[in-house]
Amino acid sequence: MDIGGSGIKGAPVDLERGDLSQERFKVLTPQPATPDAVADGVKEVVDHFGVRCDRVGITFPGVVTGGATIRTAANVDKGWIDVDARALLSERLGGLPVTIMNDADAAGVAEMHFGAGRGRKGTVLLLTFGTGIGSALFSDGVLVSNTELGHLELDGHDAEHRASTKAKEDHDLSWEHWAKRVTKYLAHVEMLFSPELFIIGGGVSRKAHKFLPLIQGIKAEIVPAELQNNAGIVGAAMSASRA
């Protein structure tokens, strides 16, 4: 399961292949995205598949501590802050064991195991561009969780308010104009962390050919996520299987 600012999507996952075993199902994230309303959406997605599963992995667009407690909620209702999401969602799913992790961290775990980061050492940074900007930082394959680098300051604003795909859509930016903003953001992150590899994820990764060639002046290698927008679901399932 992948909870996002605009949609809640999920699917059963084949962990041998690192891919969905059925076509994913998505519902719109309720507005306001309160804990109870989102929990209902999660249940709707799980119920859609009509099978009894053993456990559910769920991603959340914010900082998750202790595998349960929500600490930030930039793109959902602030009522999530300090909620024990694991307990809430497990109860809503009839007592199923639930694991919770940051959405970009989940996508990064999947990409490092099955996708564009497979076998890569050194510093690797996955960035997901969507409603916001998520980040997953790895050092020699080890995750540094909850980095949330989309909230770095860029031009006096949260970076995600300038360079997310939502910002592109809200301001009707051309690919060229948006790529300039993304380049500026990547340059700032590169200055801070000096990664060897940037992996660009989120829904926009399907259109990487439209903007990656426009990004110039970044020293690190830049590649699109191989699992594209399914990475979060796969990573969530991986987390659940290891719990």
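Bear in mind these aren't lab numbers, they're just calculated from the coordinates by the rules spelled out. Nothing here was measured: the structure is a model prediction, and the numbers come from that model. Every residue, glycine as well, gets a Cβ built from its backbone with ideal geometry; the counts of neighbours run over all protein chains shown.
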*For the chain, how big is Rg over Rh, using alpha carbon atoms and the Kirkwood form of Rh?*
0.95
*Which ³J(HN,Hα) values, rounded to whole Hz and listed in residue order, are derived for the range 60-65 from phi using the Karplus coefficients 6.51, -1.76 and 1.60 in 6.51 cos²θ - 1.76 cosθ + 1.60 with θ = phi - 60°, glycine and proline given as x?*
9, x, x, 6, 10, 10
*asked:* Taking amide H atoms as placed 1.01 Å from N in the peptide plane, list the residues 5 or more away in sequence, or in a different chain, whose amide H sits under 5 Å from that of Gly7.
replied: Thr29
*asked:* Please report the antiparallel percentage of the DSSP beta bridges confined to the chain, to the nearest 5.
replied: 60
*When the Cα centres of the range 130-172 and the range 41-56 are compared, how far apart do they sit, in Å?*
29
*Can you pull the Kirkwood radius for the range 45-161, inverse mean 1/r over Cα pairs, to one decimal in Å?*
15.4
*Would you mind working out the magnitude of the charge dipole of the range 24-86 relative to its Cα centre, with +1 at each Lys and Arg C-beta and -1 at each Asp and Glu C-beta, to the nearest 20 Debye?*
240
_Run the reach check for Lys168 against aspartates and glutamates, Cα to Cα strictly under 16 Å, same-chain hits fewer than 8 apart removed. What comes back?_
Asp155, Asp158, Glu160, Glu176
*Peptides ranked, highest mean first, by Cβ atoms within 10 Å: ranges 129-137, 12-20*: 129-137, 12-20
*How big is D, in µm² s⁻¹, for the range 69-125 by Stokes-Einstein at 10 °C and 1.306 mPa s if Rh is the Kirkwood radius over C-alpha pairs?*
118
*Entries in Lys184/Lys207; Lys78/Lys166; Lys9/Lys166; Lys26/Lys121 that, when Cα-Cα distance is taken, lie over 25 Å*: Lys26/Lys121
*Which aspartates and glutamates have a Cα less than 16 Å from the Cα of Lys219, not counting those fewer than 8 places away in the same chain?*
Glu190, Glu196
*asked:* What's the ranking of 171-178, 220-227 by average number of surrounding C-beta atoms within 10 Å, highest first?
replied: 220-227, 171-178
_Starting from 0.36 nm per residue, how many nanometres of slack lie between Ser194 and Ser139 once their C-alpha separation is accounted for?_
18.7 nm
*Per-residue HN-Hα couplings for the range 102-107 [Karplus 6.51, -1.76, 1.60; θ = phi - 60°; Hz; x = Gly/Pro]*: 4, 5, 5, 4, 5, 4
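Under the definition of Cα pairs under 8 Å and six or more residues apart, what whole-number percent is the relative contact order of the chain?
22
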*What does the highest-first list of 120-126, 82-88, 196-202 look like by mean Cβ count within 10 Å?*
196-202, 120-126, 82-88
